[in-house]
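One structure is given below, represented as structure tokens, and several questions about it will come after.
Any read-out appearing in this document is the output of simple, stated calculations on the displayed coordinates, not a laboratory observation. Everything numeric here is computed off the predicted structure, so don't read it as measured data. Heads up, the Cβs are rebuilt from the backbone with ideal geometry, glycines too, and the neighbour counts pull from every protein chain shown.
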Amino acid sequence: MKFLLWAILIFAVVWVLRNKAQAQARSQSQARPQSPSPRQSTASGREIETMLRCAHCGTHFPASEAVFDTARTAFCCSEHRQRHAAH
Ligand SMILES: [Zn+2]
């Protein structure tokens, strides 16, 4: 009978400790401030890429896609750069 009492006591202690740990974890997750996602800050200040105009066909295209000749003239593609140089 003593063994049963001990078993109940140990079970009760374990149950209480487990409940405490769960409550603590829950309160910690709630207390943790909601960190703003890094995307929110960049969403308002969106980068607008510089647009260049092709010297051959006149098409506007982003500067990152530009092809330059030796005179630093911008072209939409290497084909137009070659065609422009042939003129
Ligand atoms: Zn072009």
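If I model a spin label at Ser27 and Glu65 as a point 7 Å from the Cα along the Cα→Cβ vector, what separation in nanometres do I get?
Going by the 7 Å Cα→Cβ label model, 5.8 nm.
Around Cys57, with a cut-off of 12 angstrom between Cβ atoms, what is the net charge of the other residues, counting Lys and Arg +1 and Asp and Glu -1? Can you show the working numbers first?
Details: positive: Arg53, Arg81, Arg83; negative: Glu79.
With Lys, Arg at +1 and Asp, Glu at -1, the net is +2.
Given H placed on each backbone N at 1.01 Å, which residues far from Leu52 in sequence or on other chains put an amide H within less than 5 Å of it?
Phe61, Ala63
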